[in-house]
Amino acid sequence: VSSFADDINLWKKSTLNQILQRGELQVCLEPGYMPFEMKDKRGRIIGYDVDMAKRMAKEMGVKLSLKPTAWDGIIAALVTGKCDIIMSGMTITQQRNLKINFADPYVVVGQTIMMKKELQGKIKSAKDLDKPEYTVVTKLGVTGEVATRKFFKNAKIITFETEADAASEVLNGKADAIVYDQPYNILFMSDKGKGRLVHLDTPLTYEPLGWAIRKGDPDFLNWLNNFLRQVKEDKVVDFYNKLNQKWLKD
Ligand code: ARG
């Protein structure tokens, strides 16, 4: 039976209380996943998640501190307290959810394929590409890798530390295709991929993106979900629509 004293103790331990005491929200993210987090020409981290984090800190009345963290260590960084929350375009997967909690989704994406222009017409689906003569690349440890291993049983698979390295491999002709999140591929096609790659833009997967926090923290989770509902539904302030227009253009 839970008592008032238990609730107070839970609140004292809550990450939200720690953020308020500290006066700073600490956010783990890995720049490179455009348009959610990337570096501008001056090396500053910008993007969809950054604008959302700024808004979140403002509503909490605290400062914001961004903690760039490599993807392969990002969940460990959260769990060991290096940051309060992961806001890094992370897909809510059932495997990750065994270790960490997620707030409700803030955007839904899916994996798509970008391939060499020469394959246009010849390759129309993942199935067409799943042949031993083709090489498919993706990033290590992301849902793109999970999808690649699921959809490609015959093609050769190579993984890279960063999405930029994986995409370059297709641009320079060493690989035939890359599997990665649709928003990244759309932006890549409007820039480096223009006229050189072809985007098969039908999503292969269903991927809600969510903010990750440590388990056992109902106070923080409650605040985040109510904050999210407000930014999504408040058409007077219209923050969410503007954010989507700014970074996702839809
Ligand atoms: N949505 C994908 C995943 O969760 C990729 C996210 C990569 N994010 C980043 N900031 N590099 O696996």
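The values are calculated or read from the model by the stated rules, or taken from the named source; none is laboratory data. In this text, all values refer to a predicted model and were calculated from it rather than measured experimentally. Cβ coordinates were reconstructed from backbone atoms using ideal geometry, including for glycine residues, and neighbour counts include every protein chain displayed. Calculation scope for accessible area: heavy atoms of the full protein, side chains included, ligands and nucleic acids excluded. Shrake-Rupley method; radii C 1.70, N 1.55, O 1.52, S 1.80 Å.
Summary of values
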read-out: Verdict on ASP219 being over 20 Å from the mean Cα position of the chain (by Cα), surrounded by 14 or more Cβ atoms within 10 Å (Cβ to Cβ) and over 30 Å from LEU171 (Cβ atoms); value: yes
read-out: Residue, farthest from MET60 (Cα to Cα), within region 187-216, restricted to residues that are open to solvent by less than 60 Å² (accessible area, probe 1.4 Å) and over 19 Å from the mean Cα position of the chain (by Cα); value: GLY195
read-out: Some residue of region 60-67 being within 21 Å of ASN241 (Cβ to Cβ) and open to solvent by 40 Å² or more (accessible area, probe 1.4 Å); value: no
read-out: Cross-chain or 6+ apart pairs with Cβ under 7 Å, region 225-247 first and free of Cβ contacts under 8 Å to residues at least 60 places away in the same chain, then of a type in the set (Val, Ile, Thr) and part of a helix (DSSP H, G or I); value: TYR240/VAL231
read-out: Which numbered condition LEU98 misses (of (1) within 16 Å of the ligand (Cβ to nearest atom); (2) surrounded by 13 or more Cβ atoms within 10 Å (Cβ to Cβ); (3) hydrophobic (A, V, I, L, M, F, W, C)); value: (2)
read-out: Which numbered condition THR135 fails, given (1) buried (at least 20 other Cβ atoms within 10 Å of the Cβ); (2) under 19 Å from ILE157 (Cβ atoms); (3) among the polar types (S, T, N, Q); value: (1)
read-out: Identity of the residue in region 142-156, of a type outside the set (Lys, Arg) and within 16 Å of the ligand (Cβ to nearest atom), that ends up farthest from the chain's Cα centre (by Cα); value: PHE151
read-out: Residue selected from region 1-45 under the condition touching a Pro at 6+ places or on another chain (Cβ under 9 Å) and open to solvent by 30 Å² or more (accessible area, probe 1.4 Å), by the criterion modelled with the lowest pLDDT; value: LEU10
read-out: Region 160-175, subset within 11 Å of the ligand (Cβ to nearest atom) and of a type outside the set (Val, Ile, Thr), residue most open to solvent (accessible area, probe 1.4 Å); value: GLU161
read-out: Segments classed as strands (runs of 3 or more DSSP E), wholly inside region 148-248, with at least 1 members that are under 30 Å from LYS54 (Cα atoms); value: 177-181, 207-209
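Per-residue answers, yes or no, for (1) more than 11 Å from the ligand (Cβ to nearest atom); (2) assigned to a loop (DSSP other than H, G, I, E, B):
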| residue | (1), (2) |
| --- | --- |
| CYS28 | no, no |
| GLY43 | yes, yes |
| ASP51 | yes, no |
| GLU59 | yes, no |
| LYS122 | yes, yes |
| ASP128 | yes, no |
